[in-house]
Amino acid sequence: MTNGRDPIAVLEAAYAWHDDEARWLGGVVDALAPFGLGGGILSYLVRLEGELRISSVATRAAPIDAAFFLGTFERLPRDIRRVMHTPSSAFVSVQTSTSETAELFGSSVADLETRIGYAPPPCWGFRPGDAGRFCWASVFLASPDARPPRQTTSLLANVAPHLASAARLRLAAQAAPSADDEATEAVLDVDGTIRDARGDARARRAREHLAELARQIDRARTRSGRAAAAEALATWTALLDGRWTVVESYERDGRRFLLARKNAPNLRDPGALSPKERAVVALAVQGQPHKLMAYSLGLSRDRVHAHLRSAMRKLRVSSRAELIRAYARVFAGVPYVE
């Protein structure tokens, strides 16, 4: 942890449960703020199913407030609004994002800015999420000519999958996760002791891996773990085996324990894909490299590659580029044209 930048604190805030979504988002923004670029931070959660809408927004030390931003968002043309919120874990400048959006529509940046109604200020950000379901955009407004240091982009690359995982958990839950929920398949003590397991979590290999992840999470949250932030973050994967996210919970007596929750990324099934194939394709259409996909899903790169190749055969596409062209456009709401 340097200069107050604590990626483990971001994960803790993201996986914490608050009945009030705005309070929850505000806590995550507070943890993200030290990663800023001198101009404040704006973060918002967008629901993509049905009529695209923002469910909550939070700002810190930014020159705009939530009400102003919401008004600007509503004035965006609907097609541009949807494409600009196609999920992506890449940490890029808004100018790069604007250029990519213009290219997708076959127009120039100047024409796109005319449609939007303004030229975006200097800023960087990412928008993890699930294609066709939700997008969690976090934008760091920049001082003139500011660029994020490589250490910052490296840390945030591993934070992004956790933000997507945490938002997916929240959108699926009506209340705080509990040991009795259908989505909970294992209950563990923080030392990795399995207290209960059901479903796929009953398998010996799954129990061993869940126990080890619980211990890794506990180590990551110590002072020494936070001091070696990159290493601690690398061990705390967003998912385990492409299936479970491990989150903290408390019993009535205050005792802390961990829940392994079913939480795989997904997309509307475009073919007879297995759950893991759908999870891999859901990340592939965001352009995630194999290394980040493996980290996001808690799988080896070899297994990610095998699931992706199998899915591509079923979907009858011959390359990852073809897969992205076809399905990224579909989930962005832009018709696919050869």
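General remarks:
- The chain - percent relative contact order, Cα under 8 Å, separation 6 or more: 17 percent
- The chain: angle of helix 150-172 to the longest principal axis, Cα-based, in degrees nearest 10: 70 degrees
- Taking only the C-alpha atoms of the range 204-332, the Rg (one decimal) and the largest Cα-Cα distance, Dmax (whole number), read 16.9, 56 Å.
- Relative to the dominant Cα principal axis of the chain, helix 21-32 is inclined by about 90°.
- Label zone (residue 23, point 7 Å along Cα-to-C-beta; backbone nitrogen cut-off 18 Å) within the range 157-171: 170-171.
- Remark: the range 307-319, residue by residue, has Karplus-estimated 3J(HN,Hα) of 5, 5, 5, 4, 5, 5, 4, 5, 8, 6, 10, 9, 8 Hz, where x stands for each Gly or Pro and the curve is 6.51 cos²θ - 1.76 cosθ + 1.60 at θ = phi - 60°.
- The 3J(HN,Hα) values that the Karplus relation (6.51, -1.76, 1.60; θ = phi - 60°) gives for the range 70-80 are, in residue order, 4, x, 5, 4, 5, 7, 5, x, 4, 5, 5 Hz. Gly and Pro appear as x.
- Cα-centre dipole for the range 175-262 with unit charges at Cβ (Lys and Arg positive, Asp and Glu negative), debye to 20: 200 debye
- Among 276, 291, 262, residue whose mean-square fluctuation peaks in a GNM of the chain (springs only between Cα atoms under 10 Å): 291
- Based on C-alpha pairs under 8 angstrom that are at least 6 apart in sequence, the range 72-150 has a relative contact order of 33 percent.
- By average C-beta atoms within 10 angstrom, highest first, the peptides 238-247, 9-18: 238-247, 9-18
- Mean-square fluctuations from a GNM of the chain, with a 10 angstrom spring cutoff on Cα atoms, peak among 220, 279, 61 at 61.
- Annotation: amide H-H contacts under 5 Å for residue 123 (H modelled 1.01 Å from N, sequence separation of 5 or more, or interchain): 94, 95, 142.
- The range 275-332 - percent relative contact order, Cα under 8 Å, separation 6 or more: 39 percent
- Ellipticity at 222 nm from helices only: DSSP H runs of n ≥ 4 in the chain, each -39500 (n - 2.57), divided by the residue count, give -14000 deg cm²/dmol.
- Three-way shape call for the range 121-164 based on the alpha-carbon gyration tensor, with the a/c threshold at 1.5: oblate
- Answer label for P(r) over Cα pairs in 20 Å bins from 0, in percent (calculated), chosen among [x] 20, 25, 19, 22, 14, 0; [y] 31, 59, 10, 0; [z] 27, 31, 22, 18, 2: [y]
- Whether the range 1-65 is rounded, prolate or oblate, judged on the alpha carbon gyration tensor where a/c under 1.5 counts as rounded: oblate
- If you sort the three axes of the alpha carbon gyration tensor as a ≥ b ≥ c, you get a/c under 1.5 for the range 42-155, which makes it rounded.
- The range 24-87, dipole about Cα centre (Lys/Arg Cβ +1, Asp/Glu Cβ -1), debye to the nearest 20: 120 debye
- Anchor residue 291: lysines whose Cα lies under 18 Å away (excluding residues fewer than 8 positions away in-chain): 276
- Evaluating 6.51 cos²θ - 1.76 cosθ + 1.60 at θ = phi - 60° for every residue in the range 130-141, the Karplus couplings come out as 10, 4, x, 10, 7, 9, 10, 8, 10, 10, 9, 6 Hz, glycine and proline recorded as x.
Each reported figure results from applying straightforward, stated rules to the coordinates on display, with no laboratory input. Predicted model only: the values in this text are computed from it and were never measured. Because the Cβ atoms are built from the backbone with ideal geometry, glycine has one as well, and the counts that use them run over all protein chains shown.
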